[in-house]
Structure formats: structure tokens, C-alpha cells
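Okay, so here's the structure we're looking at.
The values are calculated or read from the model by the stated rules, or taken from the named source; none is laboratory data. None of the values given here were measured: they were computed from a predicted structure. Here the Cβ is made from the backbone with ideal geometry for all residues, glycine too, and neighbour counts use every protein chain on show.
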Amino acid sequence: MRQARSVPSEVICATAGTWVCVLALVCQTGPSTAESRSGAVERTCGPRALRALAELLDVSVPPQDWMAATGKLGQHEVSLADLVEVGREIGLHLTGWRLTVDELLQRNAPAVVHHSYGHFSTYLDCINDSVRLLDGGGDLQVVSRDEFRETFSGYCLLPTPDRHPSHACALLFDEVDYDAGTLEEPTAAH
């Protein structure tokens, strides 16, 4: 199984001031593709997870706009920063977060989540210790909280109106340049 590759991109944690290298958690979309846990090759997991999130949030995207926004992804690795940029182009404004499993599950809001094995899916919710995910853009998966804890990398994309959960590092992009992003300091008033 292929592991997620991290392209060095220094950012500063907005809440703790700690230097971390993150935002280039990627999934292969080209000839050397990432493999899912089942071993199946997945070439479009990031864009599919983003599309599922847009549909869940009632963001209507005409097919030609979707193709224009995702067409530039081409045959390279897709990062969280790429998904933020595509989201912006289709009218879905996202913020990158570093969260614990418990912090994500407490939010009970849909998100694009990155898995430690180099894969993206759409988190739906957690009911009675069962985590529901859309994988491949529409295949419903139900996993235990413990199984999700084993695979969740800690990085996710949430819609921007719901910002700055307590004790979390926000990874906010002012501009996106390939796999790198910049960070904003949280503002007092929201």
C-alpha cells in the first residue's frame, strides 16, 4: 500500500505557534496512483470527495464549471491546497484544519478528510460510534470510530463559515501556489 507523501511546506500553527510541515498531503492522480485500503486503484478521490461535499452543502456546480475547475489538476498529485483552490473556483470556500478524531466527530458536519494511506473521502457524521463516509464520491462506508481513528491523518477541509474549533490548528490559505499555502492568524470576531 502506498503512503501519503508530504512535500515540505512550512506553516505555523495558528493556535499554538508551533512550526509544522503539512499541507501537501496528496493523493496520486496520474499513472502511479494511490491505492485504497482494499488495494483498488483510485485516481480521483480528492475531486470526488470535494464534489460530494459540494452536493451535501447544496452548492450547485454546472458540469462545464466542474470540468474547468478540475481540468487543471490533470495527471499530478492532488493536495489539500489543490482542493481548496478548486472549491474556491466552484463557490465552495474551505478551510484546512488539523483536528483530532474527537474534534472532527464533535463537529458532526460534513468535511473532506485525508486518510493516512493517501486517500480522500467525505466525512458525513458519527452516530453511536459508527462513522459514515462517502468514498469514491457516492459509496457509503460505515466504519467504527476506532477504525476511523486508525486511518484519519488528522487533516480535513471544512466549509469556512464554521471556523476555528477550540484547540485546533487552522490551516488557512490566502493564496495557493502548487502544494503550498499560507496561514492566517485567527481573528477575534466571527
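Details
- Lone qualifier among Ala111, Ala81 - being touching a Leu at 6+ places or on another chain (Cβ under 8 Å) and modelled with pLDDT under 95: Ala81
- Search result, residues across region 132-154 that are buried (at least 18 other Cβ atoms within 10 Å of the Cβ), free of Cβ contacts under 8 Å to residues at least 24 places away in the same chain and among the small types (Gly, Ala, Ser): none
- When each of Leu73, Leu83 is tested for being surrounded by 17 or more Cβ atoms within 10 Å (Cβ to Cβ) and either in contact (Cβ under 8 Å) with a residue 60 or more places away in the chain or out of contact with any helix residue (DSSP H, G or I) (no Cβ under 7 Å at 6 or more places or on another chain) (or both), the lone residue that passes is Leu83.
- Subset of region 21-72 (residues that are assigned to a loop (DSSP other than H, G, I, E, B), at pLDDT below 50 and not hydroxyl-bearing (Ser, Thr, Tyr)): Val22, Leu23, Ala24, Gln28, Gly30, Pro31, Arg37, Gly39, Ala40
- Among residues of region 101-131, those that are in contact (Cβ under 8 Å) with a residue 60 or more places away in the chain, at negative phi and not in a strand (DSSP E or B), counted: 3
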